[in-house]
Amino acid sequence: MQKLIIQGGVPLNGEVVISGAKNAALPLLCAALLTQDTLKITNVPMLQDINTMLALLRQMGTRVDATPPMVELCADSLIHLVAPYEMVKTMRAAILVLGPLLARAGEAEISLPGGCAIGMRPVDQHIKGLQAMGAEIAIRHGYIHAVAKKLHGARIVFDIVTVTGTENLMMAACIADGVTVLENSAREPEVVDLAECLIKMGAKIRGHGTDVITVEGVAALHGAEHAVMPDRIETGTYLAAVAAAGGNVTLTHARADTLDAVLDKLTEAGAAITRSTGTIGIAMNTRPKAVNLKTAPYPAFPTDMQAQFIALNAIASGTGIVTETIFENRFMHVQEMLRLGAKIDVEGNTAIVHGVERLTGATVMATDLRASACLVIAGLVAEGETIVDRIYHLDRGYEKIEQKLTGIGARIERI
Ligand code: UD1
């Protein structure tokens, strides 16, 4: 099993080029299922989750021509309308094929995702929405069996804000009969990126980026070309790393406008942030100040940045209170942080992080994607050597992480 070995205590200086967003690329690839024509997606990050999605789309009959960072997909004949357990269990986002498949082919069989390291994560909202649009859905042998001769428009009010739920129903509604109104929709920038691509494909969507999205169904979508937006979580992770380790770094191919809540917290922690088109600069030359934060749907502070800010608070002056409101079990990294000398108490969905002067290197184990990022940041600031085990989680979401970190002076290698 691969590990990362990090020698901590080195400030970070230089430039990092940000990759395309994993969470935008995954639904964009699925949009190819909605048309017989070719969909060309550029700026696709080469990550394990992307490979899994491409394998899933291929086994459904999609022709995939991948010349990174560009992927061309053509789903002119769908032969296998199934997402098997083996694929869904490694990547929950596989649920994103449900809406497009059902809308285009009238049928889909998708394994239920089950629990994962950060909580239960049910898909009831996806199912409820598709039922409102006329689908007949049964759960049998661990699979969602969905059938619909032709989906029709409906008014759907989500009980909770769900990102992939909004994306799934928005895609299905594009080629359903009539008008679909999605209320209490997710406002995440990745939803907007998907809507913009669907509009290029001929979809009639308005309200994306607000909590009411209206989709007027059209008979068919056509081919298009779309560039994946920059990864705001990758961007935020490098920013948090610099805020913790100190230094001066410029992030290019980034979008500051998608990161307001994170940039505000970094400023509060003492970092000097500069923004210009496509670029974010960060300079940090003091010990960070602890910050309080609460995760919530966009535009509030993202749950996918919570773990990285636990690492930042761990070495900050003062005490930071971190409340997680999206996932019920997303403090798995805290136990590992304690092994590095952090002082953190967890009470329910709140972590009270008492900043310490220094962390000390140790062997730690990554438990999920963003927890891994937290441990890497901790390793960058810890005294001596930190070994991060089980880094396959990291490879699901961070393109070329050790090259990018080495490029700004970190001492990190993969064994
Ligand atoms: C997406 C992101 C993930 C991020 C999360 C929250 C992708 C591929 N992944 O995941 O990185 O952490 O948004 O920003 O974009 N829920 C239900 N029923 C449902 C659907 C969701 O109860 O049918 C709950 C979930 O358990 C969770 C909350 O709603 O507590 C938000 O989940 P959701 O936004 O759906 O997360 P994902 O779309 O899976």
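The values are calculated or read from the model by the stated rules, or taken from the named source; none is laboratory data. On a predicted model such as this, the values are computed, not experimentally measured, just so you know. When we count neighbours, we look across all protein chains shown, and the Cβ atoms used for this are built from the backbone with ideal geometry, even at glycine. Surface accessibility is based on the protein's heavy atoms, side chains included, excluding ligands, DNA and RNA. Shrake-Rupley method; radii C 1.70, N 1.55, O 1.52, S 1.80 Å.
Enumerate the pairs (first residue in the range 52-72 and on the phi > 0 side of the Ramachandran plot; second residue anywhere and open to solvent by 50 Å² or more (accessible area, probe 1.4 Å)) with beta-carbon separation below 9 Å, excluding pairs fewer than 6 apart on the same chain, so at least 6 apart or on different chains.
Qualifying pairs under 9 Å: GLY61/ASP76; GLY61/SER77; GLY61/ILE79; GLY61/HIS80.
Under the condition of being of a type in the set (A, V, I, L, M) and in contact (Cβ under 8 Å) with a residue 40 or more places away in the chain, which residue from the range 133-151 is nearest to the ligand (Cβ to nearest atom)?
The qualifying residue nearest to the ligand (Cβ to nearest atom) is ILE144.
Listed residues ILE110, ILE139, ILE160; which is under 30 Å from GLU328 (Cα atoms), under 20 Å from the mean Cα position of the chain (by Cα) and not polar (S, T, N, Q)?
ILE160 is the lone residue from the list that is under 30 Å from GLU328 (Cα atoms), under 20 Å from the mean Cα position of the chain (by Cα) and not polar (S, T, N, Q).
Pull out all pairs, ordered by first then second residue, where Cβ-Cβ is under 7 Å, the residues are six or more apart or on different chains, the first lies in the range 315-333 and is within 12 Å of ILE344 (Cα to Cα) and free of Cβ contacts under 8 Å to residues at least 40 places away in the same chain, and the second is polar (S, T, N, Q) and open to solvent by 40 Å² or more (accessible area, probe 1.4 Å).
Qualifying pairs under 7 Å: GLY320/ASN292; ILE321/ASN292.
Please find, within the range 377-392, the residue that is modelled with the lowest pLDDT out of those that are farther than 14 Å from GLY9 by Cβ and buried (at least 21 other Cβ atoms within 10 Å of the Cβ).
ILE391
Condition test on VAL157, is it more than 12 Å from the ligand (Cβ to nearest atom), closer than 30 Å to ALA300 by Cα, open to solvent by 10 Å² or more (accessible area, probe 1.4 Å) and touching an Asp or Glu at 6+ places or on another chain (Cβ under 7 Å)?
So VAL157 fits the description; yes.
Here is a yes/no grid of residues against (1) touching a Pro at 6+ places or on another chain (Cβ under 8 Å); (2) more than 14 Å from TYR298 (Cα to Cα); (3) surrounded by 24 or more Cβ atoms within 10 Å (Cβ to Cβ):
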{"residue": "VAL192", "(1), (2), (3)": "no, no, no"}
{"residue": "TYR238", "(1), (2), (3)": "no, yes, yes"}
{"residue": "ALA244", "(1), (2), (3)": "yes, yes, yes"}
{"residue": "GLY281", "(1), (2), (3)": "no, yes, no"}
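Check the range 243-261 and report whether any residue there is within 16 Å of the ligand (Cβ to nearest atom), farther than 17 Å from ALA410 by Cβ, in contact with a Leu (Cβ under 8 Å, 6 or more places away or on another chain) and charged (D, E, K, R).
Scanning the range 243-261 turns up no residue that is within 16 Å of the ligand (Cβ to nearest atom), farther than 17 Å from ALA410 by Cβ, in contact with a Leu (Cβ under 8 Å, 6 or more places away or on another chain) and charged (D, E, K, R).
Looking only at the range 46-99, count every residue that is β-branched (Val, Ile, Thr) and under 19 Å from HIS145 (Cβ atoms) and tell me the total.
5
Restricting attention to strands (runs of 3 or more DSSP E) lying wholly within the range 36-132, give those where 2 or more residues are acidic (Asp, Glu) and away from the ligand (no atom under 14 Å from the Cβ).
Fully inside the range 36-132 and qualifying: 107-111.
Might you check whether a residue that is within 14 Å of the ligand (Cβ to nearest atom), over 24 Å from ILE387 (Cα atoms) and either open to solvent by less than 40 Å² (accessible area, probe 1.4 Å) or of a type outside the set (A, V, I, L, M) (or both) occurs anywhere in the range 302-320?
Yes, the range 302-320 contains a residue that is within 14 Å of the ligand (Cβ to nearest atom), over 24 Å from ILE387 (Cα atoms) and either open to solvent by less than 40 Å² (accessible area, probe 1.4 Å) or of a type outside the set (A, V, I, L, M) (or both).
Return the only residue of GLU167, GLU136 being acidic (Asp, Glu) and within 30 Å of HIS393 (Cα to Cα).
GLU167
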